[in-house]
1. Collect the residues in the range B:1-22 that are more than 14 Å from chain A (Cβ to nearest Cβ) and under 27 Å from B:Ser66 (Cα atoms), keeping them in residue-number order.
2. Collect the residues in the range A:58-73 that are without any contact (Cβ under 8 Å) to a residue 24 or more places away in the chain and part of a helix (DSSP H, G or I), keeping them in residue-number order.
3. If you go through the range B:274-289, how many residues are buried (at least 22 other Cβ atoms within 10 Å of the Cβ) and within 12 Å of chain A (Cβ to nearest Cβ)?
4. Considering each of B:Pro47, B:Pro88, B:Pro24, B:Pro74 in turn, give the residue that is out of contact with any strand residue (DSSP E or B) (no Cβ under 6 Å at 6 or more places or on another chain) and buried (at least 18 other Cβ atoms within 10 Å of the Cβ).
5. Have a look at B:Ala486, B:Ala492 and point out the one that is buried (at least 16 other Cβ atoms within 10 Å of the Cβ), touching a strand residue (DSSP E or B) at 6+ places or on another chain (Cβ under 9 Å), touching a residue at least 60 places away in the same chain (Cβ under 8 Å) and outside any helix (DSSP H, G or I).
6. Kindly indicate whether B:Lys469 is of a type outside the set (Gly, Ala, Ser) and touching a residue at least 40 places away in the same chain (Cβ under 8 Å).
Amino acid sequence: APLHSKPQAVITFPGELLSAPSDVELAESYLLRFGYIQEAEARRSSKHVSLAKALRKMQKQLGLEETGELDASTLEAMRAPRCGVPDVGG
Amino acid sequence: FLTFEGELKWDHMDLTYRVMNYSPDLDRAVIDDAFQRAFKVWSDVTPLTFTQIYSGEADIMIMFGSQEHGDGYPFDGKDGLLAHAFPPGSGIQGDAHFDDDEFWTLGTGLEVKTRYGNANGASCHFPFIFEGHSYSRCITEGRTDGMLWCATTASYDADKTYGFCPSELLYTNGGNSDGSPCVFPFIFDGTSYDTCTTDGRSDGYRWCATTANFDQDKKYGFCPNRDTAVIGGNSQGDPCIFPFTFLGQSYSACTSEGRQDGKLWCATTSNYDTDKKWGFCPDRGYSIFLVAAHEFGHSLGLDHSSVREALMYPMYSYVQDFQLHEDDVQGIQYLYGRGSGPEPTPPAPLPTEEPQPMPTEAGSASTTEEEEQETLEPTAEPSPVDPSRDACIEKNFDAITEINGELHFFKNGKYWTHSSFWKSGTQGAFSIADSWPGLPAVIDAAFQDVLTKRVFFFAGRQFWVFSGKNAVGPRGIEKLGIGKEAGRITGALQRGRGKVLLFSGEHYWRLDVKVQTVDKGYPRATDDVFTGVPLDARNVFLYQDKYHFCRDSFYWRMTPRYQVDRVGYIKYDLLQC
């Protein structure tokens, strides 16, 4: 579904400090846009939402190593030109 | 593969499509052709047919749009999202939209509109085939006047349509000529040149004279290389140099390594680590054909695949010779069935002819019946699913060489591998194009450099150097210093210390692999050194530390002391059929 607004939740990644803000914003936007996390799910959660599960799902879908972390290859995949059809959901 | 929730699919096979508008990046005819080919990808493997209509409501409506373009799913400017499409159904369902902020091409860069010739100003088609070789740029081959030309279809050999490339391509940069154009032919060192050349330079930069006689006038400039002239960085206009070293790794193509913005760059010398000279690679755009084929997959009911090599994988990657992946075929046939295409060709029957008599010396094939029985290996019937059977019925391989410890047998776009160490034995057939993109179907010879593991391929008077799947080439073997007396290279023998012998006809050259130049004093006569082997050998290669010369069904094996110690059957001894 089109993004009407950015999620309010603060996203954290377990076990490590936040990457540079631009990487986090990129990940948020990507995971929401392509259906790996739903807006309702992000709103329901408390302010700190673990996205490891969403990242693993994305990494599995794109054939990446399933680390659950915002590693270099995941970021590179998020920056790659691609089709706009979501990977998950209608 | 995945289908959409509910397995949405069309309820009829004869689908229509309509192109509502066109990108300004390409001619309408080029876009129409790209879409037609993209639909053919799917119609080739299903009962589906696609017809273009020019008015009214089609099943699949196609448009170019930017940002918010009316469907609530906005695009995002250049790069990022390239296109999207809706699954089958009425109204907007089935439609495909392409981001008009992208630079649409055929995947290889700027479109080159031709002049004169017989193509009425049509654009160059890259790549195109000329005299059996593939070219992705304007060329002067086949002409004596130095004029750049290109084919305007995929094969000049078949269609004979061509045009001349704009002369702006030859305006120089740098040098001492303030951007004046090349003059062809020009004289350098007493020799006439009708193309840009690297002769006289050690940095690999192509240059030309801007008057007819460089020897006299000393006026020159560097030739623009539309394919790799960099933009920005600290080397504006200079060509990429491949391979180049970055952080100790060798790169044979533009890369985004070391950058966080994903932009492609290259070094403009052979070693970025020491020289720090670089620039951004020119924008090759996105192939409208490849992106359309993917989007039309959605229009037909396929969702994204998790198979990286599949067309329906969500991320863009350019491939030169596209082939639909098995995962895509399974997906679309799951929805629509197979269509009325021909059944797979059944495997060829086993040969029934008697083997040729074993030759006793080079050039002769006479033998006695006793010798024949003594030398023939038992020919056990292969198992019904013997994967090596195809290789075993092939005759006269185009090239044979050892790569990564396995003997490779090449023939007509396919190759087989044989390992004497693994139980798997002979494997294949594999596709040459899959393993080494850009190579022609028929290669004459190949060898692997022991030190760098790079693989050199030869076909006609051209050669390629591969690091993995990344290639430099094709280049002419004249760049190696091999004169026109060599029509083609028939084999290669690694001699150690960075030297490789290249065979052609009854002569051979010794190549210094590091500097990629043949040593002085060559060519030499083959039978001066290699006595007792056929001078018309089709394949020459090093295997298990011995030299092998092949002709017809046989091979002659020679020790490093130049003694023939065995003559045998290729298929029984080397392939172990």
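1. Taking the range B:1-22 and keeping what is more than 14 Å from chain A (Cβ to nearest Cβ), we get B:9-22.
Passing the criteria: B:Leu15, B:Thr16, B:Tyr17, B:Arg18, B:Val19, B:Met20, B:Asn21, B:Tyr22.
2. A:Gln59, A:Lys60, A:Ala72, A:Ser73
3. 2
4. Working: B:Pro47 fails: buried (at least 18 other Cβ atoms within 10 Å of the Cβ); B:Pro24 fails: buried (at least 18 other Cβ atoms within 10 Å of the Cβ); B:Pro74 fails: buried (at least 18 other Cβ atoms within 10 Å of the Cβ).
That would be B:Pro88, the only listed residue that is out of contact with any strand residue (DSSP E or B) (no Cβ under 6 Å at 6 or more places or on another chain) and buried (at least 18 other Cβ atoms within 10 Å of the Cβ).
5. Details: B:Ala486 fails: touching a residue at least 60 places away in the same chain (Cβ under 8 Å).
It is B:Ala492.
6. Details: of a type outside the set (Gly, Ala, Ser): yes; touching a residue at least 40 places away in the same chain (Cβ under 8 Å): no.
Answer is no for this residue.
Here's the yes/no breakdown for (1) modelled with pLDDT of 90 or more; (2) among the β-branched types (Val, Ile, Thr); (3) closer than 30 Å to B:Arg37 by Cα:
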residue	(1), (2), (3)
B:Lys263	no, no, yes
B:Thr274	yes, yes, no
B:Lys277	yes, no, no
B:Asp283	no, no, yes
B:Val291	yes, yes, yes
B:Glu295	yes, no, yes
B:Ser299	yes, no, yes
B:Met315	yes, no, yes
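A quick yes/no check of all residues on (1) surrounded by fewer than 20 Cβ atoms within 10 Å (Cβ to Cβ); (2) modelled with pLDDT of 90 or more; (3) more than 14 Å from chain B (Cβ to nearest Cβ); (4) closer than 19 Å to B:Tyr316 by Cα:
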| residue | (1), (2), (3), (4) |
| --- | --- |
| A:Gln38 | yes, no, yes, no |
| A:His48 | yes, no, yes, no |
| A:Leu55 | no, yes, yes, no |
| A:Lys60 | yes, yes, no, yes |
| A:Gly63 | yes, no, no, yes |
| A:Ser73 | yes, no, no, yes |
| A:Glu76 | yes, no, no, yes |
| A:Arg82 | no, yes, no, yes |
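The values are calculated or read from the model by the stated rules, or taken from the named source; none is laboratory data. A quick note: this is a predicted structure, and the numbers were derived from the prediction, not measured. So basically every Cβ, Gly included, is an ideal-geometry build from the backbone, and we count neighbours across all protein chains shown.
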